[in-house]
Amino acid sequence: METVLVTQHEGYHEITLNRPARLNALTVRMAAEFSEALDAVAADDSCRAVLLTGAGRGFCAGQDLTAIVNKPAAEIGHLLDHYNPLIRKLRALPIPVVCAVNGVAAGAGANLALACDIVLAAQSATFVQAFARIGLIPDCGGTWFLPRLVGSARARALSMLADPVTADHAAEWGMIWRAVADENLMAEARALAVRLAMQATVGLGLIKRALEAAETADLDSQLDLERDLQAEAAMTPDHAEGLRAFLEKRLARFTGGKPPEN
Ligand code: T3D
């Protein structure tokens, strides 16, 4: 793979978008390679978290605009047939995805970051819903993520004005988890990936499923879902280990094992 680099660390895969000369702008090839990297994550039982970041000074500048300038307008919407599956895969992965936004995240690149579970950003990074500048609308889930994360008023202004938001501001608004000093970003993001990889993996996947469902559910059905997913979590060896560790007053040693098959 050229446009995406994968480093397998103990417990997690680090995926780096790798077109630094174009601020890691997205292409169909990059989407295919990213998709392949996510499939490898899903197929690897020892992989219990993902860390996504960008090479060079940017995170991702969204669609590579040089690739669409001479394309017929009718083809352009179809680009999302390549990008939407990435957003779906990230949201459906049963393990946590940490995003380390190392520099500007613009257009689809901003929304790719927002699709991840826990987003850290370097203090020098900015988030730009750049679409309106070129007559487009936020895609890759932007119109879904933004109002849920920052509220309707901010989502509308950010989408229509396409003004950059600093990492500190994004954290203050709840768009991301934390802004960190540039020089500490990767160390903090890797420490977070390791920490998540050592937690009760099945339980974290079930948390992800419950929170995703909550975005569209009413309280009644969410209570039912919590009951069902809690029953699944309670069957895992990690739940038993967590209880034992509590009673023995020691740190739990979670293995990420699945519940026994019936
Ligand atoms: O249409 C569809 O359905 C497809 C889906 C579309 C989804 C989208 O993502 S639409 C939005 C696309 N993205 C943008 O509009 C952002 C364009 N880029 C910028 O506005 C700025 O580059 C940034 C604000 C991101 C960063 O600015 P700055 O000053 O830090 O860097 P720069 O000098 O503008 O960029 C550095 C290089 O990257 C430069 O190349 P050069 O001059 O050194 O050869 C620049 O052209 C290139 N670059 C940046 N963004 C893109 C790009 N090349 C291709 N596509 C880009 N998106």
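The values are calculated or read from the model by the stated rules, or taken from the named source; none is laboratory data. Just so it is clear, the model here is predicted, and its values are computed rather than measured. Backbone-built Cβ (ideal geometry, glycine too); neighbour counts: all protein chains shown. Calculation scope for accessible area: heavy atoms of the full protein, side chains included, ligands and nucleic acids excluded. Shrake-Rupley method; radii C 1.70, N 1.55, O 1.52, S 1.80 Å.
Key figures for this structure:
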{"quantity": "Qualifying residue in region 185-205 (condition: within 16 Å of the ligand (Cβ to nearest atom), closer than 30 Å to T27 by Cβ and out of contact with any Gly (no Cβ under 6 Å at 6 or more places or on another chain))", "calculated": "no"}
{"quantity": "Residue check for G62: out of contact with any His (no Cβ under 6 Å at 6 or more places or on another chain), open to solvent by less than 50 Å² (accessible area, probe 1.4 Å) and on the phi > 0 side of the Ramachandran plot", "calculated": "yes"}
{"quantity": "Index of the failed condition, A200 passing every other in (1) within 20 Å of L112 (Cβ to Cβ); (2) open to solvent by less than 80 Å² (accessible area, probe 1.4 Å)", "calculated": "(1)"}
{"quantity": "Residues within region 1-34 that are within 17 Å of I87 (Cβ to Cβ), open to solvent by 10 Å² or more (accessible area, probe 1.4 Å) and away from the ligand (no atom under 16 Å from the Cβ), tallied", "calculated": "1"}
{"quantity": "Identity of the residue in region 48-72, aliphatic (A, V, I, L, M) and more than 9 Å from the ligand (Cβ to nearest atom), that ends up nearest to A113 (Cα to Cα)", "calculated": "L52"}
{"quantity": "A121 farther than 22 Å from H82 by Cα, more than 9 Å from the ligand (Cβ to nearest atom), crowded, with 23+ Cβ neighbours inside 10 Å and modelled with pLDDT of 95 or more", "calculated": "yes"}
{"quantity": "Tally, over region 1-24, of residues that are assigned to a strand (DSSP E or B) and without any contact (Cβ under 8 Å) to a residue 40 or more places away in the chain", "calculated": "7"}
{"quantity": "Residue in region 144-153 that is of a type outside the set (K, R), crowded, with 17+ Cβ neighbours inside 10 Å and assigned to a loop (DSSP other than H, G, I, E, B) present", "calculated": "no"}
{"quantity": "Among (1) farther than 18 Å from P96 by Cα; (2) open to solvent by 80 Å² or more (accessible area, probe 1.4 Å); (3) modelled with pLDDT under 95, the one test that K258 misses", "calculated": "(1)"}
